[in-house]
1. Being of a type in the set (Phe, Trp, Tyr) and either in contact with a His (Cβ under 8 Å, 6 or more places away or on another chain) or without any contact (Cβ under 8 Å) to a residue 24 or more places away in the chain (or both) is the filter here; which residues of the range 14-39 pass it?
2. When you scan the range 48-59, how many residues do you find that are in a loop (DSSP other than H, G, I, E, B), at pLDDT 95 or above and farther than 16 Å from Pro79 by Cα?
3. So, in the range 27-41, of the ones that are surrounded by fewer than 24 Cβ atoms within 10 Å (Cβ to Cβ) and outside any strand (DSSP E or B), which residue ends up farthest from the chain's Cα centre (by Cα)?
4. Restricting to the range 58-101, name every residue that is acidic (Asp, Glu) and out of contact with any strand residue (DSSP E or B) (no Cβ under 6 Å at 6 or more places or on another chain).
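The values are calculated or read from the model by the stated rules, or taken from the named source; none is laboratory data. This is a predicted model, so every value here is computed, not measured. Every residue, glycine as well, gets a Cβ built from its backbone with ideal geometry; the counts of neighbours run over all protein chains shown.
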Amino acid sequence: MNNKEKLISAAAEAALKAYAPYSRFRVGAAVLADDGTIYTGVNVENRSYGLTICAERNAIAHAVSMGMKAVKAVAIYSPDSKEPLPPCGACRQVITEFSAPDAVVICCGSNENAVEIPVSELYPMDSLHNLKKF
């Protein structure tokens with residue numbers, strides 16, 4: 001099994017642990033760190049939807065708490081969506097915080113189709129990366 005397959009499998013397995021009693025829309029994410037370690041996260045809903053935590057941000061927070069410095073790839077999977085599932089705007093922002101423009105986001109749905117998108121296309125014109133130069 002290659003890294004892409006491992007990442008998708010980890011995201012799919014994580015999705016089954018999601019806490020989604022309100023929407024019943026489970027999402028799992030897996031992050032491939034620069035050292036090759038895979039970290040997972042799930043969506044955690046709250047009856048106040050604004051306090052819901054997306055799987056992607058959960059996975060990245062988990063990775064950072066374990067000492068991860070950079071993201072090479074992210075896979076997002078939902079057993080409750082047939083179509084590939086892209087990250088929301090807030091998750092795109094967090095993904096760019098820890099990723100190089102050539103990092104890959106793999107969006108998956110239950111129909112086993114996957115769409116790979118480089119971070120540079122997922123979040124174009126990321127001026128905040130330019131701030132790191134100063």
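1. Listed by number, the list holds a single entry, Tyr39.
2. 1
3. Step by step, filter the range 27-41, then rank; the result is Asp35.
4. Asp80, Glu97, listed by residue number.
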